[in-house]
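In what follows, a structure is listed as C-alpha cells, so that the remarks can point back to it.
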Amino acid sequence: MNFGSGVLIAVLLMAVPGAVVGRAGGLRWPLALAVGPVLTYGAVALATVPFGAVGIRWNALSALLTLAVVAAVVAGLRALLTRGVRTGPGAAGGPDWPVIIAGAGVLFGALAIGFAAWRGMPYWQSIPSTWDSVWHANTIRWILDTGQASPTHMGELRNVETQAALYYPSAFHALAAVLAQLTGAAPTTAYTLSSLAAAVWLFPLSAALLTWQLLISRTTRWRTAGAAATAGALSASFTAVPYVEFDTASMPNMVAYGLAVPAFVLITSAVTHWYRIPLAVLALIGVFSVHITGGVVVVTFVTAWWLLEAWRRPAVSRLADFGTLLVIGVPALLALLPQFLAVMAQAEIIAGHAFVTHLGKKRALFDAIVQHTRHLNDYPIQNIIIALAAAGFLLLLFKRIWWPAAVWALLVVAIVHSSAPFSGPIGTVTGMYSDLFYSDPRRLSAVVTLLLTPMAGLALFSLALLVVAWVKRRAANRGHTHGQKFWIGATAALLAVTCFGLTWHYFPRHRHLIGEKYDRVIVGDKDLEAFAYLATLPGARDTVIGDANVDGTAWMYAVAGLHPLWTHYDYPVQQGPGYNRFIFWAYADDADHDPRIADAVKALNIRYVITSGPVVRGFVMPDGLVSLDKSESWAKIYDNGGARIYEWRGPA
C-alpha cells in the first residue's frame, strides 16, 4: 500500500458507509456522499458505547453489522416520516452540472492538500514526534487488541495502575482500527492515514457545503456553485486547518471541525425536510463523539443561524422550526448522556488549560482578526487570504446573511479572552465559552477559518465575475465578440489560475507543517530496534514495562504490543498516576535502599525498564530513571546507543 492508495482507502472508509446511510435516509447521492463522513462517525458512535458496556468486540465485522442495522433503522424512520408526504422530485435525468462544478472545486482543494502532505511526508509510515500522536496510536492498538472502543473505558488504557475511569472521545480511533483490520496497516500507519483522509477531504468539502448553504437561497444555483467551488479550492490555502491542527496532532479535534459543517447542513435542512431528522440526529452524535469541541461548533452555528436567519425567514413557522430542532437535539442528548456525564468529571482538567500571551488585549484583537494567533504567528500573515475573507464578510452582510458575522464576532472575543483574559462578569461569561475550546487561541482560530473560507471563496468568485465582465465590455467596444461559453470558460480559468497561485504561494509552509513532526527524532531506528529486542525477552509481553512519560518509549505498545507503564507523555502528572506508579517514576533508581521500590515493582508487575533519548522539548527525564546504572537492583542488559533496557534484580 503506497501513500496515495492508503489515503484514498481511508477517505472511502470514512465517506462510503455514511453515504449508504444517507441514501437509506432519502438523500440523493451527491449530498449523501458530502455528509457521508459525519454519518459514518455517527454510526460508529452509536455502537461503541453499548458494545463496550455489554462486552461486544468492536471490529470490522461488528462495524458492518452496525452499518446494516443503522441503515435499516434510518430507512424505516424515513418511511414513517414521509408517509403520505411527497419528499420532493426525483433525480433529474441528466447530470447536475452545478453540483459537479462545486465538486470540482472540492477535488481541487483535496488534491492540493494531499500534494502538500505527499511532498512533506517522505517518511509517512514513521513514528511522529508530536505530543498526542502516541495516545491516538496506542488507542487504536488497544481497540484492535481488546475490541473495547467505548470512550468511557479509556481509563483502562491510560490509567495503567488504578484503572480509574476516564472519558476520551474514541470514534476516530474506532474507525481507524477498522481501517487497520481491513488493510493490514500497523496502528501508527492507520492513525496517519485516517488523519490525512480527514485533512485532505473534510475541509474542502466543508468550505463548499457551507458556501452552498449560505448562498443557495440568495442567488442562482450556477453562481452558488461557482462560489462553492472557489471556496473548496481556496480551502487548501488556509493555514489554520488542516495544517496547524495536523502539525499539533490534535486529530480528533481536527476531524470534528471538519465534520461540523456537514452536521450543521443536515440539521438546518431538516427544518424544511423532516425526513432528514434521523440523519441529523446521527450527525450530531457523530460530531460530539469524535471530539466535543466539534459539537460545540455545531451548536454555535445552529444557534446563530436560528436567531439571525431562521427566525426572520422560518421554513414552516418559528414554533414548528424550533420544535424540529428540539426533536433533533433531545435524542442526540440522550444518546450522548453517558459521555457527557463522564466528561463533566474532567471539567477541571479541560478548564485548567491556559495560553495567555501577556501582550495585551489590543494585540490579541489584532491577532484574532488577521489569523495570527498561536502557531499561526510562526509565519507571516496571509494578507491576500484575509483581504478576500474581509471582502466576503461584507458581501454576506450586504446579502443580509448575518449569522456568520455574529459567530465570527463571538469567536474573536473568545480568542482575545484566551490570549488576554477579561476580568469581572464579562470574563466569567466569556471564559465559560472559551473553556469549551481549552481556552486555546489555536483551536478557536481554526473554527474562525471554517467561516473565513466561504467568505474568501465568495469574494474571489465575485471579483472574477467583475474582471471578466469588464474585459467582455472592453472586447465588445473593440468589436470582438465571443459566446457565453467562452466567457464562462475564461472565468473558470481565471479562478483556477488564481487558486493554484495562492496554493503554490503558501505551499512551502503547508508542506512543512503537515510533515514537520514525521522526523524520526523522538522515536528513531535505535528505539525501534530496542522495542523489537525487548519483545523477545522472557516475560516481556506478560509484564508491564517500566518507562518514562517524557521520551518516546510509550510508543512500544502501538509498535510492538508491549505494555508500558505510561501510555501517553502525560507530564507533569495530568491524570492521577496511582501511588506505585509515582513511587517508581520518582525513586526507581533508589531501589538499593528504599523498600518502597520493590513493593511498587511487585504491585505494578514490572520486570524490565526501557529508557530512551531525546525527551520531549522542555521536559526532563523523571528523577527515578536518571541513575539506574548506579543501582545494583537494576541490571543493564541492552544498550544500542539510543535506548537502554534494564532488568529487575532486586528482591522479589
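The values are calculated or read from the model by the stated rules, or taken from the named source; none is laboratory data. Computed from a prediction, not measured in an experiment: that's the story for all the values here. So basically every Cβ, Gly included, is an ideal-geometry build from the backbone, and we count neighbours across all protein chains shown. Ligands, DNA and RNA are excluded from the accessible area calculation, which covers all protein heavy atoms including side chains. Shrake-Rupley method; radii C 1.70, N 1.55, O 1.52, S 1.80 Å.
Before moving on, here are some points about what is shown:
- For the chain, a simple Cβ point-charge model (Lys and Arg +1, Asp and Glu -1, everything else neutral) yields a dipole of about 3560 debye relative to the Cα centre.
- Surface per residue (accessible, 1.4 Å probe) for region 1-146, Å²: 45 Å²
- The three principal axes of the C-alpha atoms in region 388-526 carry coordinate ranges of 66, 54, 19 Å, sorted with the longest axis first.
- Per-residue surface analysis assigns residue 292 an accessible area of about 40 Å², computed on protein heavy atoms at 1.4 Å probe radius.
- Peptides 231-238, 603-610, 377-384, 42-49 ordered by average Cβ neighbours within 10 Å, highest first: 231-238, 42-49, 603-610, 377-384
- Within the straight-line cut-off of under 20 Å between alpha carbons, the lysines reachable from residue 517 are 526, sequence neighbours fewer than 8 places apart in one chain being disregarded.
- Loop-located trypsin sites (Lys or Arg not before Pro) in region 247-338 whose Cβ has at most 13 other Cβ within 10 Å (DSSP): 312
- Using alpha-carbon coordinates, inclination of helix 29-54 to the longest axis of the chain, degrees: 30 degrees
- Phi angles of region 57-71 translate, via the Karplus equation with coefficients 6.51, -1.76, 1.60 and θ = phi - 60°, into HN-Hα couplings of 5, 8, 7, 4, 5, 5, 5, 5, 5, 4, 4, 4, 5, 5, 4 Hz per residue; Gly and Pro are given as x.
- Our summary gives the chain a relative contact order of 16 percent, counting only alpha carbon pairs under 8 angstrom and 6 or more residues apart.
- Distance between the pseudo-spin-label points of residue 505 and residue 629 (7 Å out from Cα toward the beta carbon): 5.4 nm.
- Once you reduce region 280-313 and region 1-57 to the center of their Cα atoms, the two points are 20 Å from each other.
- Expected-Rg normalisation [2.2 N^0.38 Å, Cα atoms] applied to region 406-460: 1.21
- The H on the amide N of residue 563, modeled in the peptide plane, is under 5 Å from the matching H of 545, each at least 5 residues off or on a different chain.
- Only Cα pairs under 8 Å and 6+ residues apart enter the sum, and on that basis the relative contact order of region 51-207 stands at 32 percent.
- By the Kirkwood approach, averaging reciprocal distances over each pair of separate Cα atoms, the chain gets a hydrodynamic radius of 26.1 Å.
- Positive dipole terminus of the chain, leading residue within 8, 215, 499 (C-beta point charges): 215
- Helix axis angle, 441-477 relative to the chain longest principal axis, alpha carbon, degrees: 30 degrees
- Gap separating the Cα centres of region 125-195 and region 196-256, nearest whole Å: 27 Å
- Estimated dipole of region 1-142 in Debye, rounded to 20 [Cβ of Lys and Arg +1, of Asp and Glu -1, Cα centre]: 320 debye
- Peptide ranges 618-628, 125-135 listed from the most packed, as the mean C-beta count within 10 angstrom indicates: 125-135, 618-628
- For region 377-434, fraction of C-alpha pairs farther apart than 14 Å, in %: 66 percent
- Surrounding net charge for residue 513, when Lys and Arg each add one and Asp and Glu each subtract one, Cβ distance under 14 Å: +1
- Computed from backbone phi with θ = phi - 60° and the Karplus coefficients 6.51, -1.76 and 1.60, the 3J(HN,Hα) list for region 390-398 is 5, 5, x, 4, 5, 5, 5, 5, 4 Hz; x is used for glycine and proline.
- Residue 521 versus residue 598: modelled label distance in nm, points set 7 Å from Cα along the beta carbon direction: 4.3 nm
- Pairwise centroid distance, computed over Cα atoms, of region 357-431 with region 589-641, Å: 47 Å
- Neighbourhood net charge (14 Å Cβ-Cβ; Lys/Arg +1, Asp/Glu -1) for residue 313: +3
- Efficiency of FRET between residue 216 and residue 409 - r from beta-carbon atoms, R0 25 angstrom, step 0.05: 0.55
- Rounded to the nearest 10 degrees, the inclination of helix 251-270 to the longest alpha-carbon principal axis of the chain is 30 degrees.
- Listed values for region 500-511 are Karplus-derived 3J(HN,Hα) couplings in whole Hz (6.51 cos²θ - 1.76 cosθ + 1.60, θ = phi - 60°), namely 5, x, 5, 4, 5, 4, 8, 4, x, 5, 6, 4, and x replaces Gly and Pro.
- Carbon and sulfur %, accessible surface of region 469-516 computed with the full protein complex present, 1.4 Å: 63 percent
- Semi-axes of the equivalent ellipsoid for region 513-612, Cα gyration tensor, largest first, Å: 25, 17, 11
- Carbon plus sulfur fraction of accessible area for region 204-243, probe 1.4 Å, in percent: 61 percent
- Residue-averaged [θ]222 nm for the chain, counting only DSSP H segments that reach four residues, each worth -39500 (n - 2.57): -20500 deg cm²/dmol
- Descending semi-axes in whole angstrom, ellipsoid equivalent of region 131-202, from the Cα gyration tensor: 22, 13, 10
- Lysines whose Cα lies under 24 Å from that of residue 602, excluding same-chain neighbours fewer than 8 positions away: 630, 636
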